[in-house]
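Right, one structure below, let's go through it.
The values are calculated or read from the model by the stated rules, or taken from the named source; none is laboratory data. Not measured: the values here are computed from a predicted model. Cβ placement follows ideal geometry from the backbone for every residue including glycine, while neighbour counts extend to all protein chains displayed.
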């Protein structure tokens, strides 16, 4: 697909040396926009901040994805099944996998603490 854009001269000057990489630059920019709090990353940040503190076992066990984050995860799963993920989406997916792993470890530890008490 060919797209023609009108850009401010200053931006066009900065982009000229990177013409061959414009599709990747645009994809990264779109991913950064999707990483806004409206797209689930506020919840990811919130979960990580909770885990780095000293949460109670009950707080850890209560962690779950927000509807926005769950929707994004479901979208990525479906897209991966049907057509595959872009490089940027694959990177996003790996971050979600890592977060899930960390939450699972924290929940297992919280469950053990509750059973021990």
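The table for this structure:
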| item | result |
| --- | --- |
| Qualifying residue in the range 52-61 (condition: touching a helix residue (DSSP H, G or I) at 6+ places or on another chain (Cβ under 9 Å), under 30 Å from residue 23 (Cβ atoms), part of a helix (DSSP H, G or I) and modelled with pLDDT of 90 or more) | no |
| Residue that is nearest to residue 117 (Cα to Cα) [pool: residues in the range 44-58 that are surrounded by 16 or more Cβ atoms within 10 Å (Cβ to Cβ) and over 18 Å from the mean Cα position of the chain (by Cα)] | 57 |
| Among residues of the range 80-91, those that are within 18 Å of residue 28 (Cβ to Cβ) and either part of a helix (DSSP H, G or I) or touching a strand residue (DSSP E or B) at 6+ places or on another chain (Cβ under 7 Å) (or both), counted | 5 |
| For residue 27: the one exception among (1) in a helix (DSSP H, G or I); (2) at pLDDT below 85; (3) loosely packed, with under 13 Cβ neighbours inside 10 Å | (3) |
| Residues satisfying the stated conditions in the range 59-73, i.e. surrounded by fewer than 16 Cβ atoms within 10 Å (Cβ to Cβ) and farther than 30 Å from residue 114 by Cβ | 71 |
